[in-house]
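Scroll down for the structure; my scribbles are underneath it.
Computed from the coordinates by the stated procedures, all read-outs in this text should not be read as laboratory data. Computed from a predicted structure; not experimentally measured. With ideal geometry, Cβ positions are generated from the backbone for all residues, glycine too; neighbour counts draw on all protein chains shown.
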């Protein structure tokens, strides 16, 4: 079973003590660039919160510090599912719809 999508939320920035608000369950996440709406990341995973926390959104310097200027302004939304199989099926349907829309719009 698939639930509904959450509202878009600003992706936490390093050093600001911000938290990711996401289900600790199977589901889908989508991350986009806030300014353009262009897709950054999309996946069906076992644990949405963990996947978003591990998502690499910035580069690191040789000394292990994050470069603030390289961090894009991102937003994310999530959709919880009962199982990872449900998440994968829903993600495949979404990808199919996007491909159909893009091929028809071209």
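In plain terms, the residue of 48, 31 with the fewest other Cβ atoms within 10 Å comes first and the most crowded comes last, giving 31, 48. Of the residues 28, 95, 20, the one with the fewest other Cβ atoms within 10 Å heads the list, and the complete ranking is 95, 20, 28.
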